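The values are calculated or read from the model by the stated rules, or taken from the named source; none is laboratory data. These figures come from a predicted structure and were not determined experimentally. Cβ sites come from the backbone with ideal geometry, for glycine too, and all protein chains shown count toward neighbours.
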Amino acid sequence: MLAVVFPEQGLIGVCFLDRRREHESELGYYLRRDHWSRGLATEAVEAVVAFAFRDLGARRIFARVDPENSASARVLARVDFRLEGHFHRARFIRGERRDSLVHVLLAVERCAAQQGAAADGRRSVVDSAASAGRHSGAHGRPQVSGIRQAAQGEPLSFVGGILLGVTMAAPAVGLVYALSRQRGLDFLALQLAAIAAVYAGSSLTDGRVSVVALEVIGVIVFFSCSLFGRWGSPALLAMGYFAHGAWDAAHHLGAIPTFLPDWYAPFCLGYDWVVGAAIGARFLRPSAA
C-alpha cells in the first residue's frame with residue numbers, strides 16, 4: 001500500500017494492490033476531492049505499478065472503474081492501462097448493481113511502453129517512491145510514506161496448497177473405505193457434483209462474462225462424470241476428479257482467468273488427485289467387491 005501525505009495536511013489518499021492470485025493483482029486508489037486534477041493520482045498509480053512489476057513479480061494488474069468515472073479512466077490511460085471489457089451489472093455498490101469497466105496492464109506491455117518512451121527521450125514511468133524525501137513538502141508536493149505489502153500474511157504457496165489439499169483429502173478417503181461400495185460411490189458422486197456447483201456459482205457471481213462459457217463447459221463435464229460415474233463405471237468418477245485437478249492447475253497457471261485466491265487451485269489439485277487415486281484403489285481393482 002502507498003500512502004500520499006502532505007506534511008501540513010496528513011493523509012490525503014491511498015493507492016493499493018489487492019493480490020487476487022499469483023502474479024495478478026487488482027489496483028485501487030482514493031484521493032481527497034480537494035486534491036483532484038493535480039496529477040497526484042497518476043503519480044501514485046505509477047509508483048505502485050512500478051513497484052508491483054519490479055519487486056512483487058506481478059505480470060498482470062487490473063482495475064475496475066465505474067463507467068461514469070471518466071477521470072479515473074484517464075488516470076489509468078496515462079499509465080498505459082487498456083480497456084479489456086465492459087461487465088454489465090457486475091458489481092454491487094451501495095445497494096444496486098452497477099456496470100464495471102475493467103482496465104488491464106500486462107508486464108510485457110509495460111516493458112514495451114517504457115522502451116518506446118526511452119527511444120523518444122521521454123520518461124514514461126515514475127520510479128517507486130519508497131525512498132525518503134523523494135518529494136519534499138518544501139516544494140509543495142506530497143511525500144510518499146513508502147510501499148509495503150499489507151500485513152495480512154503471504155498467501156499459501158503452490159506446494160503449500162497441494163499439501164493442504166492432500167491433508168484434507170485423508171478424511172474423505174478414510175470415509176470412502178469405511179462405507180459400503182454403493183454409499184461410497186454416492187458420497188464421491190455427490191461431492192463432485194458439489195464441486196461443479198461451486199464453479200458454476202463462482203463464474204457467474206464474479207461477473208466474468210468472457211469466461212462463463214468456458215467455465216460452463218467444465219461444469220457440464222464434472223456433472224456428467226458425477227452422474228455416469230455413480231450409475232456407470234467408477235472409472236468415470238475417477239476421471240472427473242483428475243480432470244478437476246487439472247482444471248484447477250490451469251487456473252493457477254493463468255490459462256483460465258479467475259479471481260480465486262492463490263492457494264485454492266493447488267489445494268484442489270492435491271485434494272482431487274488423492275481422491276481420484278483412492279477411487280482407483282477402492283473400486284477399480286479386480287478384487288473390489
What are the pairs, 6+ residues apart or on separate chains, where a residue within region 70-83 that is without any contact (Cβ under 8 Å) to a residue 60 or more places away in the chain and within 12 Å of Arg110 (Cα to Cα) has its Cβ under 8 Å from a residue that is of a type in the set (Gly, Ala, Ser) and not in a loop (DSSP other than H, G, I, E, B)?
Asp80/Ala113; Phe81/Ala63
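Determine whether region 156-164 contains at least one residue that is at pLDDT below 75 and either touching a strand residue (DSSP E or B) at 6+ places or on another chain (Cβ under 9 Å) or surrounded by fewer than 14 Cβ atoms within 10 Å (Cβ to Cβ) (or both). Spell out the reasoning first.
Narrowing region 156-164 to residues at pLDDT below 75: 156-158.
Restricting the remaining residues to those that are either touching a strand residue (DSSP E or B) at 6+ places or on another chain (Cβ under 9 Å) or surrounded by fewer than 14 Cβ atoms within 10 Å (Cβ to Cβ) (or both) gives 157.
The answer is yes, given that some residue of region 156-164 is at pLDDT below 75 and either touching a strand residue (DSSP E or B) at 6+ places or on another chain (Cβ under 9 Å) or surrounded by fewer than 14 Cβ atoms within 10 Å (Cβ to Cβ) (or both).
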Among residues of region 189-233 being assigned to a loop (DSSP other than H, G, I, E, B) and surrounded by fewer than 17 Cβ atoms within 10 Å (Cβ to Cβ), the residue modelled with the lowest pLDDT is Gly232
